[in-house]
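Let me begin by presenting the structure, written as structure tokens, before commenting on it.
The values are calculated or read from the model by the stated rules, or taken from the named source; none is laboratory data. The shown structure was predicted, so the numbers you read here are calculated from the model rather than taken from an experiment. Positions of Cβ are backbone-derived with ideal geometry, glycine not excepted, and every protein chain shown enters the neighbour counts.
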Amino acid sequence: MTRRTVGIAMNGVTGRMGHRQHLLRSVLALREQGGIPLGDGTAVLPEPVLVGRSEHKLRHLAEQHGIARWTTRLDEALNEPDVQVYFDAQVTPARYDAVVAAIKAGKHVYCEKPTANSLPEALELARMAAERGVKTGVVQDKLFLPGLRKLKRLLDGGFFGRVLSVRGEFGYWVFEGDWQPAQRPSWNYRAQDGGGIVLDMFCHWQYVLRELFGPIRTVQAVTATHIPERVDEQGRTYPATADDAAYGIFELDGGVVAQINSSWATRVNRDELVEFQVDGTEGSAVAGLRRCRVQHRSVTPKPVWDPDVPSTVDFRAQWQEVPDNHEFDNGFKHQWELFLRHVVLDEPWHWDLLAGARGVQLAELGLRSAAEGRRLAVPELRL
């Protein structure tokens, strides 16, 4: 098989998400499997060039995984003749300038969300890329989770009839960092560093709701900083200036109402860290990261409210498991594969920087809704 190498300048891969999901489980995994077969005897082989601020971390990472090239200078990586793609998993405030530099260098861009700190910046990136003919992609990993892919299968098959509502629960307890180390980096809880659960998770909820159920037309949100003080990686106490919980209501095209709670200050009493319940006229489903269970109209029980008598009904046992019927790969890796096929073969792709800007728009409107205490319209974005 003929190998076609695509160089990828990967910025921010010493961080948790960039390292685990994008470098190890996506790009290196694709390289280890021999590349991405194109069906004509050719395979696309991704070749990473590591970029970051810490020379020590980059050198260690490169030696650990047999990566030949790394640099602390972005311009140096962008000037590599075989580098066709720039990937960004840095903290949000650093993303705009780096993506601008990549677009000006004529590189295709794939990046984490949110794509920028503000909607004007996010739209400017999308416009700049469109004007220069650069292909772009934004990570929208939740769409590729096995549970949501099963849910999409149900939607495509008409299982629900008319969808009525969506209810989502996401989150877990992130330790404060004093008596147990926090499992998320401290910048997540500082607004001045691009932190906050709205900016993080509303970008996800935008594409999940839009892709599965339809465009969001209004948003109403309440935000909170439930844990006002945390301890950082150096053991220093700092004030949490960003929201760590958000409670949102979204009205979608067609009258569907979605309610999604997001919190880093909640303890989990559900089967998975995120779950969505979808109710329709013909049936309901509960989808998580991997599982999806359904209850059809024909087998829906008839509960009777009686608080004076202990319930003997096992409601969970009345739901049916949706089978895999498919071997699901890592969602990040799968989207990487689709993006690289888009770059090489120009295959259809719509998860671009404009899609990323919609996420930033919803986050901004969610924060504004919470500040003003009212429901806000979500206009459709155009370049």
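The table that follows gives values for the structure above.
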| read-out | value |
| --- | --- |
| Residues of region 283-302 that turn out to be in a loop (DSSP other than H, G, I, E, B) and either within 30 Å of the chain's Cα centre (by Cα) or loosely packed, with under 10 Cβ neighbours inside 10 Å (or both), as a count | 6 |
| Enumeration of residues in region 4-41 that are touching a Ser or Thr at 6+ places or on another chain (Cβ under 8 Å) and under 26 Å from Asn79 (Cα atoms) | Arg4, Thr14 |
| Region 347-375, residues that are without any contact (Cβ under 8 Å) to a residue 24 or more places away in the chain and within 21 Å of Glu131 (Cα to Cα) | Glu347, Pro348, His350 |
| Residue ranges of strands (runs of 3 or more DSSP E) in region 167-239 with at least 1 members closer than 30 Å to Trp351 by Cβ | 216-224 |
| Any chance Arg149 is in a helix (DSSP H, G or I), closer than 27 Å to Ala245 by Cα and of a type outside the set (Ser, Thr, Tyr) | yes |
| Per-region count, region 6-26, residues more than 15 Å from the chain's Cα centre (by Cα) and either of a type in the set (D, E, K, R) or not assigned by TED's automatic domain parsing to the domain that holds Arg53 (or both) | 1 |
| Odd one out for Leu367 among (1) touching a helix residue (DSSP H, G or I) at 6+ places or on another chain (Cβ under 6 Å); (2) aliphatic (A, V, I, L, M); (3) not in a helix (DSSP H, G or I) | (3) |
| Extreme residue, farthest from Glu121 (Cα to Cα), among residues of region 173-187 that are touching a residue at least 60 places away in the same chain (Cβ under 8 Å) and surrounded by 15 or more Cβ atoms within 10 Å (Cβ to Cβ) | Val174 |
| Residues of region 240-252 that turn out to be surrounded by 24 or more Cβ atoms within 10 Å (Cβ to Cβ), out of contact with any His (no Cβ under 7 Å at 6 or more places or on another chain) and in a loop (DSSP other than H, G, I, E, B), as a count | 1 |
| Extreme residue, nearest to Tyr189 (Cα to Cα), among residues of region 85-99 that are in a helix (DSSP H, G or I) and aliphatic (A, V, I, L, M) | Ala94 |
| Failed criterion for Arg217 (all others in (1) crowded, with 17+ Cβ neighbours inside 10 Å; (2) farther than 22 Å from Gly171 by Cα hold) | (1) |
